[in-house]
Each structure stands twice: as structure tokens, then as C-alpha cells.
Amino acid sequence: MPGPHASPRRRPVPGRLFAAALIALALAAALVLAFAGMTDRAHAAEPSDTDGGAMIAAADPRAVEAGLAILRAGGTAADAAVAVQAVLTLVEPQSSGLGGGAFAVHYDAGSGTVTTYDGRETAPMAADASLFLEDDGRPMAFLEAVTGGRSVGTPGTVRLLERLHADHGVRPWESLFADAAALARDGFRVSPRLAGYLASPVGNRLRADPAASAVFFADGDPPAAGDRLANPALAETFSRLAEDGPDAFYEGPIADAVVAAVRDHPTNLGLMTAEDLAAYRAMERAPVCVPYRARRVCGMGPPSSGGIAIGQILTLLAHEGRIVQGPDSAMAREALINAMMLAYADRSAWLGDADIVEVPVDGLLDPRYLARRHGLIATGGAIDAPAPAGLPPGAPRHAAPAESEDRAGTSHISIRDAAGNMLSMTGSIEGPFGAGIMAAGFMLNNELTDFDFLPLVNGRLVPNRVGPGKRPLSSMSPTLVLDADGRAIMAVGSPGGRAIIGYTAQTLVALLDWDLPPAAAVAVPHVLNLNGPTYVEVGADGDRIAESLAARGHRIERTDRLVSGLNILVVTPDGAVTGAADPRREGVARAP
């Protein structure tokens with residue numbers, strides 16, 4: 001069964017969103033995810049707590065330790081984020097890095113303000129709606145589109161980190177890359193997850209790229225778990241960034257290497273230019289916040305769909321007494337499933353880059369609009385899939401449904417420093433190993449394939465169509481929760497493609513409605529509906545959930561591919577900080 005992280009590019013038959021046949025790369029990715037889901041479950045959710053107020057939860061212990069070293073030296077959450085992301089670029093190259101993009105939600109304890117930062121990749125200025133179309137107007141096969149320069153968007157992670165540091169950092173920029181540079185130069189131990197990816201068909205495609213092959217297949221075979229792997233080119237990149245600042249990424253040798261890798265690909269040339277890189281800017285955006293259970297839940301607005309979709313789900317659930325019955329209740333699960341379906345339906349129809357297309361943000365979160373939408377699910381029981389999109393206030397006309405998809409090449413970071421500043425940040429290179437090409441030691445993203453390939457459906461323009469300088473729609477959902485006094489008390493987020501919205505929403509419900517501690521909240525079996533069948537995670541608990549939901553009329557598909565990577569922090573009422581990393585991956589939550 002194809003998993004919910006994979007997606008075809010042609011519009012599927014209604015009600016069978018993930019049952020269409022996938023192309024070879026998506027099938028290979030599914031095999032990798034199945035492998036990862038099997039191996040990552042070997043450890044339990046790792047909880048941690050501290051009375052000191054500072055903690056980091058991220059996808060790799062070495063990245064967490066690099067961030068903790070910055071916190072011990074008096075750094076802020078923003079400072080630590082730079083160090084954590086740098087190490088993740090090295091040790092988790094399949095997921096995120098300098099060659100991709102990110103979103104961050106930051107809480108400043110001094111001013112009590114929440115700021116969101118958009119470091120999403122942009123399409124080259126030479127790109128237009130025909131980027132992924134054949135000469136006859138049909139969409140390209142995904143495998144043909146993804147590998148090589150065509151799919152690479154202008155990376156935004158470094159500019160986002162620059163803005164975070166400028167606005168909220170206190171440690172010298174050059175001090176934040178020391179651990180990453182040392183690990184890249186001297187080598188690091190390959191984790192089981194990375195070894196599994198490199199030994200898979202997805203990893204094998206990296207052999208075609210000389211730079212990536214030299215790093216990952218130096219001896220001909222992929223490294224095994226525990227082998228030491230060095231990346232001298234990335235060590236040099238870290239040194240340049242430390243010495244010359246963020247501009248060194250967007251102009252000079254690093255930028256030249258990125259442009260050459262994109263434009264000189266032997267089979268799939270890209271359009272990015274030196275001017276695209278030099279012109280890139282990370283953007284400060286208004287946070288998307290909704291009230292829920294005497295708290296305020298804040299996330300990213302467009303081009304992320306996460307803040308709006310999660311805001312819709314929670315607002316719909318605020319009308320649902322069933323949700324408080326707990327994770328073992330079929331009625332509570334049903335309320336969550338039905339709310340997900342309506343939110344994903346609206347996501348498909350209305351969301352895109354709000355700088356370029358009209359997105360009715362206020363209308364989508366209007367309580368009266370969502371009260372009407374709640375009428376579709378108020379009577380209980382399963383609702384027909386796919387649920388229809390609504391017509392929110394302020395929408396100029398009904399848009400065409402989108403079928404974009406962001407895959408599982410993503411990582412999430414949650415940080416709190418001793419002063420109470422809090423950060424939730426999700427970064428990605430899109431698919432595993434991005435576009436499959438390396439420049440200056442880091443993998444380049446394939447985020448442009450998050451655009452819809454077809455710009456027009458049934459005579460209607462698709463909001464998430466390709467356009468020059470445009471940012472593709474994303475499901476990354478970094479989220480902060482504020483208490484009644486406006487203080488940040490939770491940082492939540494996950495990788496997982498379009499399923500990120502469901503993972504994050506379920507975890508927020510587990511924390512806010514079911515009163516579960518962090519370690520239990522991230523380990524709850526996933527139940528997910530992307531406006532089609534209901535996916536239920538395998539396992540004994542999932543068996544009981546699936547049976548009870550099927551009895552209520554839900555179309556159930558069981559899967560071991562709901563491989564989230566939740567990393568969360570929670571401030572308890574007595575001021576202690578506790579956190580947890582998802583048992584499905586290799587992350588940890590630790591205090592200084």
C-alpha cells in the first residue's frame with residue numbers, strides 16, 4: 001500500500017488520493033520509510049526534564065549536543081538553532097540542511113512577542129507555470145522532474161538563520177559552527193537511519209552525482225551504521241560561513257558551486273542563476289494564532305499551510321465534546337479524523353504563496369465559517385471522502401483543487417533557553433537527499449516539486465502553480481503554545497510531508513485535551529486522514545483503534561509508514577521544562 005508520504009503528480013481518482021500507482025522514486029522512498037519505521041521503533045520515546053529552564057529536542061544527539069554547548073556558553077535559543085541546524089546538515093543529509101529551506105516560530109520572553117520567519121525556497125525568476133510540463137502540456141513524470149537541477153529552489157535556510165541570529169542571538173556568529181566543522185573534518189559515526197537510506201534505492205541514485213558519490217560511496221559501498229564518515233567540502237563551507245558570514249553562502253565560491261550543480265546537470269538542467277541566489281531574502285511573517293482550551297496556538301502562515309490547517313482543526317474540535325474522551329476513544333478519534341478531512345480539503349483548494357496569489361487567511365480561520373463547516377461533522381460517524389472544500393469569507397472565487405505534496409526529507413527542532421525564549425523550527429530539503437545532487441558538501445533541495453505541475457485544472461488556476469520567485473506550498477508546521485498570560489509553554493513540530501499537519505494536530509490534542517506527558521504524547525499511535533481513507537499505524541494499540549473506527553463506518557488502511565519525527569518541549573505549571581523525542585526516529589530531548 002502506498003504510504004501517506006508519497007504522492008503521484010497526476011490528479012488521482014476522488015476518494016483514492018493515495019491509492020494511485022506511484023513512480024519508481026516514490027516506491028523506493030516508501031521502501032526506505034518502511035525500513036526506517038522498522039528500525040527506529042527499537043527505542044522508546046526519550047523523555048527529559050530540567051528545573052533550569054533550558055532544553056533542546058532535535059533529530060540527532062550530536063546536533064542536540066552542539067546546541068547545548070551554545071546554551072552553556074550563554075547563548076540564546078536562536079544561537080543554538082544555528083549550531084543544531086549546521087550539525088543536522090552533516091549527520092542527517094537525507095532530511096534537511098543548508099541546501100534547503102525552513103520555517104521558524106520564535107517567542108521572545110523579554111517582550112512576550114511571537115515572530116515567525118519564512119526561509120522557504122523560491123523558484124528561479126526564469127521559471128514559469130510550464131516548468132514541469134512536457135511539450136504536449138502533460139505533467140512530467142516525477143522521477144524525471146525530481147533528480148537534477150530542474151527541481152532545485154533557491155535555498156533559504158542560511159538567510160533564515162541569519163535573521164534569527166540578528167534579531168535574537170547574542171553569541172558571535174562565527175562561534176556557532178565550531179562543532180559542525182569539527183565533525184565534518186574529523187568524521188562522525190553513521191547512524192542506523194542514514195545507513196539504511198544510503199543502502200536503499202533512493203540512496204543508490206546518489207552514485208550518479210560525483211560530489212555525493214565521493215562522500216557517501218568513497219570505498220564503493222555505502223557506509224554501515226557505526227562507520228566513520230567525513231565531509232571535507234562541508235567542513236570548508238562551515239569555515240567560510242563562520243569567517244565571512246551568511247553572505248558567503250549567497251555570493252562567491254559556495255554560490256558558484258550551487259549554481260554550477262543546478263545548471264550543469266547532465267540530464268536535467270535547472271534555471272537558478274547567481275542573481276537568484278544573491279537576491280534571496282528570508283521574510284518575517286505575521287504568526288497565525290488561534291485560541292484553544294484557554295491557550296493560544298501559534299504557527300506559520302502561507303506559504304506554509306500548517307498554521308491555517310492546524311488552526312482549523314483545533315477550532316473545529318473546540319465544538320467537539322467527544323475529543324476529551326482520550327486516545328482510546330473511537331469517538332474522540334473520529335472527531336479528530338473528520339476535522340482533519342475538512343482542513344485538508346480547504347488546504348487543497350485555497351492555499352499557496354500569499355505574496356503572489358490571493359489566500360483568504362482570515363476567512364479560513366473565521367469562527368463563523370468554521371462553525372458552519374462543523375455542521376458537516378456534528379452528527380458523528382464517518383463522513384464521505386473526499387470532503388468538499390468550503391467557500392470562506394473573502395475568497396474571490398472557487399479555486400482549483402491542488403495535489404501538491406511535500407515528502408519526508410524534513411527535520412524538526414524545539415529549543416528553550418534559560419531566559420524563557422522558545423523556538424520551534426522545521427527545515428527540509430523535500431525528498432530524501434533532495435534533488436540527489438551535492439554542492440559544497442551539502443545536498444540541494446528538490447522543493448520546486450512541491451508546486452503543482454498542472455497550473456490549470458478544469459479551467460481554474462491552481463493557487464500552488466509554479467511562478468517566478470514564488471515559494472511552493474509547504475505543510476511544515478512549527479508551532480508554539482502560549483498560556484493565558486501570553487508565555488510560551490510548548491514547542492511542537494515534526495517531519496513527515498503532508499502528514500506533518502496531522503501529526504502536529506494530534507500531538508497538540510494529546511497534550512491539551514488528553515493531558516498526556518510529552519513522552520506519551522509523541523508515542524500515541526498515529527491516526528491520519530488527508531481527505532481520503534483513514535490511515536492507522538500498525539501495532540497492538542492500532543489494531544484496537546482500527547477495529548473501533550471501522551465499526552463506525554470509516555474506511556481504514558493500516559500502515560507502518562507514519563514515520564513522524566516529533567520533537568517537543570513543555571513547560572509545566574511549576575516552571576520545570578520537560579521534553580521528548582519521537583520513538584520512531586533517532587532524536588533526543590536533553591537539558592544543558
Leading residue by the ranking (most open to solvent (accessible area, probe 1.4 Å)) among those in region 541-563 that are among the aliphatic types (A, V, I, L, M) and outside any loop (DSSP other than H, G, I, E, B): Ala551
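From the list Gln85, Gln94, pick out the single residue that is buried (at least 24 other Cβ atoms within 10 Å of the Cβ), within 28 Å of Val288 (Cβ to Cβ) and not hydrophobic (A, V, I, L, M, F, W, C).
Values: Gln94 fails: within 28 Å of Val288 (Cβ to Cβ).
Unique residue meeting the criteria: Gln85.
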Matching residues, region 353-372, being part of a helix (DSSP H, G or I) and at pLDDT below 95: none
Complete set of residues in region 476-488 that are of a type in the set (A, V, I, L, M) and surrounded by 24 or more Cβ atoms within 10 Å (Cβ to Cβ): Met476, Leu480, Val481, Ala488
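Okay, residues lined up against (1) touching a residue at least 60 places away in the same chain (Cβ under 8 Å); (2) in a strand (DSSP E or B); (3) more than 30 Å from Asp574 (Cα to Cα):
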| site | (1), (2), (3) |
| --- | --- |
| Gly467 | yes, no, yes |
| Pro472 | yes, no, yes |
| Asp485 | no, no, no |
| Ile489 | yes, yes, no |
| Tyr503 | yes, no, no |
The one condition in (1) modelled with pLDDT of 95 or more; (2) open to solvent by less than 40 Å² (accessible area, probe 1.4 Å) that Gly326 fails to fulfil: (1)
Which numbered condition Val259 fails, given (1) open to solvent by 10 Å² or more (accessible area, probe 1.4 Å); (2) of a type in the set (A, V, I, L, M, F, W, C); (3) more than 30 Å from Gly441 (Cβ to Cβ); (4) touching a Leu at 6+ places or on another chain (Cβ under 8 Å): (3)
Tally of residues being part of a helix (DSSP H, G or I) and open to solvent by 70 Å² or more (accessible area, probe 1.4 Å) across region 183-213: 8
Pairs, first under 13 Å from Leu206 (Cβ atoms) and open to solvent by 10 Å² or more (accessible area, probe 1.4 Å) in region 427-439, second assigned to a loop (DSSP other than H, G, I, E, B) and polar (S, T, N, Q), C-beta under 6 Å, six or more apart: Pro432/Gln94
Answer residue from region 219-244, given it is among the aliphatic types (A, V, I, L, M) and surrounded by 17 or more Cβ atoms within 10 Å (Cβ to Cβ) and is nearest to Arg189 (Cα to Cα) among those: Leu229
Where a residue in region 231-245 is in contact (Cβ under 8 Å) with a residue 60 or more places away in the chain and its partner, wherever it lies, is open to solvent by 50 Å² or more (accessible area, probe 1.4 Å) and of a type in the set (Asp, Glu), with Cβ under 8 Å and at least six apart: Ala242/Glu174; Glu243/Glu174; Gly245/Glu162
Set Ala418, Ala385: member being assigned to a loop (DSSP other than H, G, I, E, B), touching a helix residue (DSSP H, G or I) at 6+ places or on another chain (Cβ under 8 Å), at pLDDT 95 or above and open to solvent by 30 Å² or more (accessible area, probe 1.4 Å): Ala418
Enumeration of residues in region 444-465 that are surrounded by fewer than 24 Cβ atoms within 10 Å (Cβ to Cβ) and either touching a Leu at 6+ places or on another chain (Cβ under 6 Å) or part of a strand (DSSP E or B) (or both): Leu456, Val457, Arg460, Leu461
Residues within region 41-67 that are of a type in the set (Lys, Arg) and either touching a strand residue (DSSP E or B) at 6+ places or on another chain (Cβ under 6 Å) or modelled with pLDDT of 95 or more (or both), tallied: 1
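The values are calculated or read from the model by the stated rules, or taken from the named source; none is laboratory data. All values derive from a computational prediction rather than experimental measurement. Quick reminder, even Gly has a Cβ in these numbers, built from the backbone with ideal geometry, and neighbours come from all protein chains shown. For the accessible areas, the whole protein counts, side chains as well, though only heavy atoms, and no ligand, DNA or RNA atoms are used. Shrake-Rupley method; radii C 1.70, N 1.55, O 1.52, S 1.80 Å.
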